[in-house]
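The values are calculated or read from the model by the stated rules, or taken from the named source; none is laboratory data. Being a predicted model, the structure only gives us computed values, none of them experimental. Neighbour counts run over all protein chains shown; Cβ positions are idealised from the backbone, glycine included. Quick note on the areas: whole protein, heavy atoms, side chains included, nothing else; ligands and nucleic acids left out. Shrake-Rupley method; radii C 1.70, N 1.55, O 1.52, S 1.80 Å.
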Amino acid sequence: MAAYLGRRGYEVELYERRADPREGNLVGGRSINLALSTRGIHALEQLGIADDVLQHAIPMPGRMIHDKSGELHFSPYDRDPRNRINSIGRAALNTTVIEAALRHPNVRVFFNHRCTGVDLSAAAAYLDSGTDGVTARGDAVIGVDGAFSAVRQSMQRQVPNFQYDESYLAHGYKELTIPPASDGSWRMEKNALHIWPRKSFMMIALPNPDGSFTCTLFWEFKGKRSFQTTRSDEEVRRFFTEEFPDAVPLMPTLLEDFQQNPTGSLVTIRCAPWFYQDKAALVGDAAHAVVPFYGQGMNAAFEDCVVLDECLAACPQDRERAFGDYFQRRKANADALADLAVQNFVEMRDKTASKAFRAKKKLDHWLEAVLPGIYLPLYTMVTFTRMPYAVAARRARIQDGIVYGAIGVVGLLVAVLIVRAFV
């Protein structure tokens, strides 16, 4: 966002809570690798840095499903092999976009500054640098400070009738690691998103350029088998050996990772409005945090930057109107993505291992081939186009209604013919 604003000529001060990632200050243990796809790549292309980012990414054209027996099934994301998502670590991405912002002399970045609140009417942000308090003043404050945004919390207190809703999944997540082989190579297929679907829970693994995989276990917080009840090394070892037998030999630091890495929460946040007069606006997770199961959180946030930039360009003398237009263009799409992300969690953990799921994917790809430009699978619309999320969700519902209706009619006709054959 700072790079977009800087490119447009605004004087920008960016206050980042964390330390400068270019100095190797990385926060491990709860990252979940990012999946960069068409929407995010388009946003980076506008800044001329897409190729720089993709140098650090690993393409993943499909899912590799791991059965409990150890059997593998590869399921491509799209019939076009050129359509793939890209695994990228946060450190490489953050470094590239920060450098892109700093190419503009009108952009300044301050690290280790945590926002504690905002005076909306004065467009002033209050920050804690660790040693003293800082007040930053401008014409407007853009809150890009994540799911638990201090800017949004200030809007909740200061904006009349501000709407806010947060909902948590019963599942949490924990980051684990599969290190590279002794020669630095990957110990599983690197060009795939690996999934161990186990009905009510799952584990995934995304490849890294150094030959490792970042694994994430999504598991219930409470229950007979859960984070709450599985605590000792022996309990952890037994659980993983029973559920992920092919992964355990690849995870020499499993027990240390499980015991030392924090257990994160999975939250969906909706709010309205995303702006206050011409003084403040929210972007990304601050406005619409979603669970990570469609791989679209970052891509949607980058798309926010594109749309807000377009709105500011269309209304250069009326920032409040630009903020309002941005909110109107994005709100329904963010809500649609939130629903899709939760639905995809159910699909990934419950359905990807089933033959019916793989048959449906093959049918999707066949229909896309015989009806080019007419039929598009939902995943393709969300991940490999820039079609608005709400439009994609609505179109998928219509397509599914037609397809399942046609299958029902064909099934009925077959049944009638069989009955007639025996009469």
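Using the structure shown, decide if residue 317 is open to solvent by 10 Å² or more (accessible area, probe 1.4 Å) and part of a loop (DSSP other than H, G, I, E, B). So residue 317 fits the description; yes. For residue 395, the test of being closer than 30 Å to residue 273 by Cβ, open to solvent by 60 Å² or more (accessible area, probe 1.4 Å), modelled with pLDDT of 80 or more and not in a helix (DSSP H, G or I) is failed. On the given criteria, is residue 66 crowded, with 21+ Cβ neighbours inside 10 Å and not aromatic (Phe, Trp, Tyr)? Here the answer is yes, as residue 66 does meet what is asked. Annotation: of all residues in the stretch 98-114 being open to solvent by 70 Å² or more (accessible area, probe 1.4 Å) and touching a Ser or Thr at 6+ places or on another chain (Cβ under 9 Å), the one that is nearest to residue 52 (Cα to Cα) is 112.
Those residues that are open to solvent by 60 Å² or more (accessible area, probe 1.4 Å) and assigned to a strand (DSSP E or B), I need them from the stretch 115-172; list them, please. Correct list: 116, 126, 133, 135, 137, 163, 164, 165, 166, 168, 170.
Being open to solvent by less than 40 Å² (accessible area, probe 1.4 Å), over 24 Å from residue 203 (Cβ atoms) and either β-branched (Val, Ile, Thr) or assigned to a helix (DSSP H, G or I) (or both): is that true of residue 367 here? When the stated conditions are applied, residue 367 passes them.
In the stretch 320-329 there is no residue that is at pLDDT below 95, among the hydroxyl-bearing types (Ser, Thr, Tyr), in a helix (DSSP H, G or I) and open to solvent by less than 30 Å² (accessible area, probe 1.4 Å).
Residues in the stretch 349-364 that are open to solvent by 30 Å² or more (accessible area, probe 1.4 Å) and either assigned to a loop (DSSP other than H, G, I, E, B) or hydrophobic (A, V, I, L, M, F, W, C) (or both): 353, 354, 356, 359, 363.
The residue pairs whose first member lies in the stretch 251-277 and is more than 30 Å from residue 121 (Cα to Cα), whose second member is part of a strand (DSSP E or B) and among the basic types (Lys, Arg), and whose beta carbons are closer than 9 Å, counting only pairs six or more residues apart or on different chains, are 257/174; 258/174; 261/174; 262/174; 263/174; 264/174.
Answer with yes or no whether residue 263 is within 14 Å of the chain's Cα centre (by Cα) and polar (S, T, N, Q). Criteria not met by residue 263.
Residues are listed down the side, and each one gets a yes or a no for (1) under 30 Å from residue 360 (Cα atoms); (2) not aliphatic (A, V, I, L, M):
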position	(1), (2)
67	yes, yes
76	yes, yes
82	yes, yes
105	no, yes
113	no, yes
133	no, yes
141	no, no
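Answer yes or no as to whether residue 386 is open to solvent by 70 Å² or more (accessible area, probe 1.4 Å), touching a residue at least 60 places away in the same chain (Cβ under 8 Å) and either in contact with a strand residue (DSSP E or B) (Cβ under 6 Å, 6 or more places away or on another chain) or within 21 Å of residue 335 (Cα to Cα) (or both). Yes; evaluated as a whole, the condition is true for this residue. If you check 326, 294 for being over 30 Å from residue 204 (Cα atoms), in contact (Cβ under 8 Å) with a residue 24 or more places away in the chain and of a type in the set (Ser, Thr, Tyr), only one passes: 326. Restricting attention to the stretch 178-200, the residues that are touching a residue at least 40 places away in the same chain (Cβ under 8 Å) and within 20 Å of residue 57 (Cβ to Cβ) add up to 11.
Candidates 37, 121, 69: the one that is of a type in the set (S, T, N, Q) and modelled with pLDDT under 95 is 69.
Filtering the stretch 336-346 to residues that are open to solvent by less than 40 Å² (accessible area, probe 1.4 Å) and either of a type outside the set (A, V, I, L, M) or farther than 17 Å from residue 299 by Cβ (or both) leaves 344, 345.
Here 168, 164, 126 are screened, and the one residue that is at pLDDT 95 or above and under 30 Å from residue 351 (Cβ atoms) is 168. Before we move on, is residue 166 touching a residue at least 40 places away in the same chain (Cβ under 8 Å) and within 30 Å of residue 83 (Cα to Cα)? So residue 166 fails the test. If we keep just the residues of the stretch 370-383 that are in contact (Cβ under 8 Å) with a residue 60 or more places away in the chain and assigned to a helix (DSSP H, G or I), which is surrounded by the fewest Cβ atoms within 10 Å (Cβ to Cβ)? Among those that are in contact (Cβ under 8 Å) with a residue 60 or more places away in the chain and assigned to a helix (DSSP H, G or I), it is 379.
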